[in-house]
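Down below is the structure, laid out as structure tokens.
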Amino acid sequence: MKEEEKLSPWKHKIHEIIYEADTPMGKLFDIILFIIIIFSVILIMLESVKAIDAEYHDILFVLEWVVTIFFTIEYIARIISIRKPSAYIFSFYGIIDFLSTIPLYISYIFAGSQVLLAVRAFRLLRVFRILKLARFLGEASQLKRALKASRAKITVFLFAVLIASVMMGTLMYLVEGDEAGFTSIPTSIYWTIVTLTTVGYGDIAPITPQGQAIATIIMLLGYGIIAVPTGMVTAEFSKQSKDTSDLKTSGSYVHINTQCCPTCSKEGHRDDATHCYNCGSILNE
């Protein structure tokens, strides 16, 4: 790598602190950040309560500015401590960080923009790095593969449920009619799906013996239907878990850490990786 492409020592140190969760300083920073995020979300909740906001508006306003300034400094630090700033700016976390930082500033220009402050709740996703849950990325990958392997079966199953809902809904429309609230076939299908999923809002209910009998059958089917996709995914997940266990036994399993690429900010690298899997940059300068 060319010398000019390397981060300066102070930028590299900032990158290590704010992007890494495996170092003591990085872990401390992420814990502090997590606490401030929770605090900012609580502030938003308190401000939405009119009685509390009326009595403590000034205090809440000052605290909101303190949080906003911290997030602003953090956002700028993340940009300057990476070789390719656009990789962070346009990433998922970069967009969330930006949206959670600007509302208080633009509230002086556009009224009502404070509602965007609720976006800060999405920053709680950083808990996966803070609590070092990256060791569970392997399990998350297993679940992803299990869902992907089950998608064909689940798709066919959902189509079957949809067809059954249309048939049952149409039948309920013919049996019950307008008096019971089944004013149209779409409304009847809506009631069937709500009943089939065991939600049961109670806004529509059959009143005839025939309709109640059909409703009973739909309710019983609902319990069986819930178990089917769960069983599909569980079976595939068990298979994926067994394959991973075999890899660990054979010594082929590779651990994934929280190391972040200083160029493109991608995480989830192998412990033995020297280059980023996404952009090919050197991970440790």
What's the number of the only condition in (1) of a type in the set (A, V, I, L, M); (2) part of a helix (DSSP H, G or I); (3) touching a residue at least 24 places away in the same chain (Cβ under 8 Å) that Val194 fails to meet? (3)
Output for region 70-90, where each listed residue is surrounded by fewer than 16 Cβ atoms within 10 Å (Cβ to Cβ) and either part of a loop (DSSP other than H, G, I, E, B) or basic (Lys, Arg) (or both): Lys84, Phe90
Candidate set from region 91-107 (those that are out of contact with any helix residue (DSSP H, G or I) (no Cβ under 7 Å at 6 or more places or on another chain) and touching a residue at least 12 places away in the same chain (Cβ under 8 Å)); member that is surrounded by the fewest Cβ atoms within 10 Å (Cβ to Cβ): Tyr105
Subset of region 17-34 [more than 23 Å from the chain's Cα centre (by Cα) and in a helix (DSSP H, G or I)]: Ile17, Pro24, Met25, Leu28
Checking Met1 against (1) part of a loop (DSSP other than H, G, I, E, B); (2) modelled with pLDDT of 85 or more, which single condition isn't satisfied? (2)
When the residues of region 35-81 are filtered to those that are under 24 Å from the mean Cα position of the chain (by Cα) and of a type in the set (D, E, K, R), which remaining residue is nearest to Tyr19 (Cα to Cα)? Arg78
Which one of Leu33, Leu63, Leu43 is modelled with pLDDT of 90 or more, assigned by TED's automatic domain parsing to the domain that holds Tyr108 and surrounded by 11 or more Cβ atoms within 10 Å (Cβ to Cβ)? Leu63
What number of residues within region 4-26 are at pLDDT below 80 and of a type in the set (D, E, K, R)? 5
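The values are calculated or read from the model by the stated rules, or taken from the named source; none is laboratory data. All values reported here derive from a predicted model rather than from experimental measurement. Methodologically, a virtual Cβ is constructed for each residue, glycine included, from the backbone with ideal geometry; neighbour enumeration extends over all protein chains shown.
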